[in-house]
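A short reminder: the numbers here are calculations on the coordinates, not readings from a lab. Since the model is a prediction, treat every value here as computed from it, not as a measurement. Cβ: placed from backbone, ideal geometry, glycine included. Neighbour counts: every protein chain shown.
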Amino acid sequence: MRPAVKPFHHPSTGTWTYVVADEGTREAVIIDPVLDYDWRSGRTGTKSAETVAAHCEAGGLRVSWILETHAHADHISSAPYLKSRLGGRVAIGQGIRSVQATFKKIFGLGDDFAPDGSQFDRLLEDGETIDVGSVRGRVVAVPGHTNDSVAYLFGDALFVGDTVFMPDSGSARCDFPGGDAAALYRSVQRLYALAEDTRVFVCHDYSPGGREARCESTIGEQRASNIHVRDGVSESEYVEMRRKRDATLDVPNLLIPSVQVNIRAGVLPRADADGVSYLRVPLNVLGRPL
Ligand SMILES: [Fe+2]
């Protein structure tokens, strides 16, 4: 089965959002939608999400699921906006509960934040099926970048989340709380066991060397040429490379706002008595000492 895949690039965060549709039944899912956010002003916006919604509406698509590959640390999810406009249920991997517990502590969240995944409509287990019309879908747990990371396989199209990027860009970092490079290596091997012509759609692309942003490769291309993890690279080689590289990386620009909102399934924190929603910034907790 070969579903229609429509990618949307969000340039300021390098994120790819996908609409995956069964052209026969017009049923669709949306994967990793982005909410615009200006960190200078604290303003959110839905322009990018409106483009995704308009595509679904113009094509007469019935959205059954809005799927997150993980609680992103680089952009805020627009799942609530799309759900209110298009319908669909919001789902994420069941590992979100441990991510919520970790970040509840880091952000000093109160008892009103339950780290039980209840903010989402559905928590997905490894191996679960989610069909899009007549296209069979499968959830593949791919921990390593985060504990809650899942990939989605719809027919011949694999949405890998933050595991591998385009072959010239390598793989996702593993230094967030709960990250584990050895686990990511093993997760990637599970994906690499799929058919070589499986289409691979990445979660991010940062246009290395100024090339245009790309989103699609194949399992065969990844196994042959991924600069971090390809056939012949051992787990220990990968883990050593990943640890060295992660030690040089800064905290993502939008980690603090993104994680706080995304562990709430994209819903902003409850407003204070003044009607304004606030985020928290834990001082001297994240990143390396200056
Ligand atoms: Fe991520």
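Worth a mention:
- Per-region count, segment 240-276, residues part of a loop (DSSP other than H, G, I, E, B) and touching a Lys or Arg at 6+ places or on another chain (Cβ under 7 Å): 1
- Taken across segment 270-282, residues that are in contact with a strand residue (DSSP E or B) (Cβ under 9 Å, 6 or more places away or on another chain) and among the aliphatic types (A, V, I, L, M) do not occur at all.
- Wholly enclosed strands (runs of 3 or more DSSP E) of segment 140-206 bearing at least 1 residues of a type in the set (D, E, K, R), over 19 Å from Ile76 (Cα atoms) and away from the ligand (no atom under 16 Å from the Cβ): 199-201
- Filtered residues of segment 147-171 (kept if within 11 Å of the chain's Cα centre (by Cα) and in contact (Cβ under 8 Å) with a residue 40 or more places away in the chain): Asp148, Ser149, Val150, Ala151, Tyr152, Phe159, Val160, Gly161, Asp162
- Residue in segment 58-75 that is within 16 Å of the ligand (Cβ to nearest atom) and of a type in the set (Asp, Glu) present: yes
- Of all residues in segment 76-105, those satisfying the criterion of being of a type in the set (A, V, I, L, M, F, W, C) and within 16 Å of the ligand (Cβ to nearest atom) are Ile76, Ala79, Ile92, Ile96, Val99, Phe103.
- Selection count, segment 15-47, where residues are more than 21 Å from Arg62 (Cα to Cα) and either among the aromatic types (Phe, Trp, Tyr) or surrounded by fewer than 18 Cβ atoms within 10 Å (Cβ to Cβ) (or both): 9
- Meets criteria (surrounded by fewer than 15 Cβ atoms within 10 Å (Cβ to Cβ) and among the hydrophobic types (A, V, I, L, M, F, W, C)) for Leu255: no
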